[in-house]
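Worksheet for the structure shown next.
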Amino acid sequence: PTATTPPAGAGATPATATRPARPVVAVLGFRAPDDDPDDPRAAVLADALRLALDVAPEAVVSVPAAALEGALPPDVPVDATLDPRRLARPHAGPGHIDFAITGRLDGADGEPMRVEVALVETTTGDARRTFTVSGGSDVVPLAWQLAAVLAEVIELRLPAGVEPPTRSTSAWGALLGARRALRAGDFETHESRLAWALQLDPRFTLARLDRLALLRARRDGAALATEAAALQRDLEGGREVEHLQLAAQAFAAFGRGDTVEALRRLHRVLDRYPWDVDTAHLLLALRFHDPELRDFDEVERLAWALLEIAPRSEEAASRLVRVLSWRGRVADADAALAALGVKPDDPAFLEVFAEQDLYAGRFDDAGARLDAALVRSPGDLYALHMGIAARLLGGDCPAAARRALDRIAGVEATGKPANLDWTYSLAVQALLCAGEWPQARRTMERWAASSESGREQVAVLRPRLARVAGDPSTALRLVRAGLARREAPPEVRTGFMTQLAALGRDATELDALAGEARAAALEPGLAPPRRAAWQRASDHLTVAALAARGRSAEAAAAAAGLVTPWHAVRGEGDLGATVEAMSLQADLLAAAGQTADARAVRTRIVALGYPRLWVNDLWFRARQALDAAGPAK
């Protein structure tokens, strides 16, 4: 299969996009004066020209740099040296580019500039037209002037009066540097360069949009609402590219909490600008990560559509592989990777193949690939964390603990604010796995003191670990204390309720909390994932109440009904909930005297691979129970 065709039997839905009737134009780049690599003007000219051509999406498709990079191997630079024929596709299908623009910029900094331009047909590699445009000393106005000349060459008319998002070459150059750092996984450099771009021009629309994307990723709702509303007000005159206005409207909707309108605006962007892979990536992330918007059918559709345009989009490939694997379609995920035509040692796809190794239980291979990814991009936090996880799952828990603790110490030594929740979580798990209980507890307390999120997560974790340590009375006391905090976030309260179901013996108490959870699940307007969490808590408590009344066999049978089949699992949250139900089922089977059945369920838990990352304490408890019971008879 080709890179844009889902493998046979994969069950994925390929995109139905067809090649636009309007010409598709890619700006490859311009040589800088004296080929100076430190002169940002040529890169800014190319990016500004792409945006200038965006003013008429109904007449011409301007291919953004991110789409070009997603269509080419990482060792092929997207610049004036690229052979335009590499952008042609057989039969001019989706992903085909008609014209490439390249050339040279001349002129000393601060002096009038001249740009030599070639418009090349990708199918032949021949220049359809070459010409020279002269302008002032500012690159951005020169890009707008060049766009008008190109429009005449390909016989289209650009609307007048559309303003560029900034006139500062330095601010635009800083933004391009921030985006390069983000693609490399270097988040600290990304943030610092983005801040510098906004300091150089606080009204720079492109940088403000990147800032809004960062705030949404951080889940900083207050700042997102304020800054998005301000940007939308500033764009109300309608003098900037429609592309930017639609994106600002989408973020403003997110800031108001109107996710339906935000999604509508983002899809409008893709309707108007079908090559906008950044917007496609944002939609993928929302449908994949956001509990209120998660839709794995849509993730599959978006991922295949994106891979038609950018077949080397590792982000789309990663999301597609993970969704297929979570749905129990590991063979389909392997076939999807094969369909992309990339090799397992491809540097750009190391993390994608490592993810597939994790799902297949090849933890050593995953760790080796992730180490190689870190050599390539030392600031890649995803590779760092998943490398720690690979060692934990592979049994080298001391090494996993060292890596996590080194990361925590390194970040805390800087004194800069940083989200360490994932690192702390892995550190605690690795220390427990290594048998370092005192240090695990100390690390938990540091985590609780580091952030509000850490405080809530540790509050739920403490009773779980007390159970693993064989102290159910302390665990029960901590759970009841947590439930007494009525103001706790829903995800924390449902976590305590689920734990009480495994610990409580008071049927009246269990029934009362089950009723509370049922009522919460019926609240109108509740997001589906939150509704499901309340319902799970209610179900667990109801089953526990049956057991508390001495109906253990009936309770064990009811608990079996709470175990989600693996093919129906829809993400990490469902993985954790499924194993939680399995753990409750095993306890109830043992209480009912069905020891062989209890052992079978616990053996399934101990055999867990990747899902252990979300339920490591339950894995420990299952292993303890099997060890205590001795060999199976």
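A compact table of results
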read-out: Sequence ranges 612-624, 519-531, ranked by mean other-Cβ count within 10 angstrom, highest first; value: 612-624, 519-531
read-out: Cα gyration tensor, the stretch 297-348 - rounded (a/c under 1.5), prolate or oblate; value: oblate
read-out: Equivalent-ellipsoid semi-axes of the stretch 24-65, from the Cα gyration tensor, Å, largest first; value: 24, 8, 6
read-out: The chain: angle of helix 205-217 to the longest principal axis, Cα-based, in degrees nearest 10; value: 10 degrees
read-out: DSSP-defined antiparallel bridges as percent of all bridges, the chain, nearest 5; value: 65 percent
read-out: Packing rank of 99-110, 270-281, 475-486, where each peptide gets the mean count of other beta carbons within 10 Å, highest leading; value: 270-281, 99-110, 475-486
read-out: Shape category assigned to the stretch 449-596 from the gyration tensor of Cα positions, a/c cut at 1.5; value: rounded
read-out: Net charge contributed by nearby residues that have their C-beta within less than 14 Å of Ala178 (K/R +1, D/E -1); value: -1
read-out: Volume per residue that the Cα convex hull of the stretch 371-494 spans, once the total is divided by residue count, Å³; value: 114 Å³
read-out: Nearest 10 degrees, 0 to 90: helix 350-359 Cα axis against the chain principal axis; value: 20 degrees
read-out: Interatomic Cα distance distribution for the stretch 339-418, bins of 5 angstrom, percent; value: 3, 16, 24, 22, 16, 10, 5, 2, 1, 0
read-out: Added length on full extension, which subtracts the Cα-Cα distance from 0.36 nm per residue, Glu58 to Ala629; value: 198.5 nm
read-out: Gyration tensor verdict on the stretch 523-633 (Cα atoms; rounded if a/c is under 1.5, prolate if a/b is larger than b/c, oblate otherwise); value: oblate
read-out: With Cα atoms, 0 to 90° folded angle of helix 612-629 axis to the chain main axis; value: 20 degrees
read-out: Rh by Kirkwood over Cα pairs, then Stokes-Einstein D for the stretch 47-159 at 1.002 mPa s and 20 °C, µm²/s; value: 144 µm²/s
read-out: Mean Cβ count within 10 Å, highest first, over the residues of peptides 252-264, 198-210; value: 198-210, 252-264
read-out: 12 Å beta-carbon shell around Glu240, net charge (K/R +1, D/E -1); value: -2
read-out: Hull volume in cubic angstrom per residue (convex hull over the Cα atoms of the stretch 324-375); value: 64 Å³
read-out: Relative frequency of Cα-Cα separations exceeding 34 Å in the chain, percent; value: 50 percent
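Computed from the coordinates by the stated procedures, all read-outs in this text should not be read as laboratory data. Every value quoted in this text rests on a predicted model; they were computed, and no experiment measured them. Note that each Cβ is placed from the backbone with ideal geometry, even for glycine, and that neighbours are counted across all protein chains shown.
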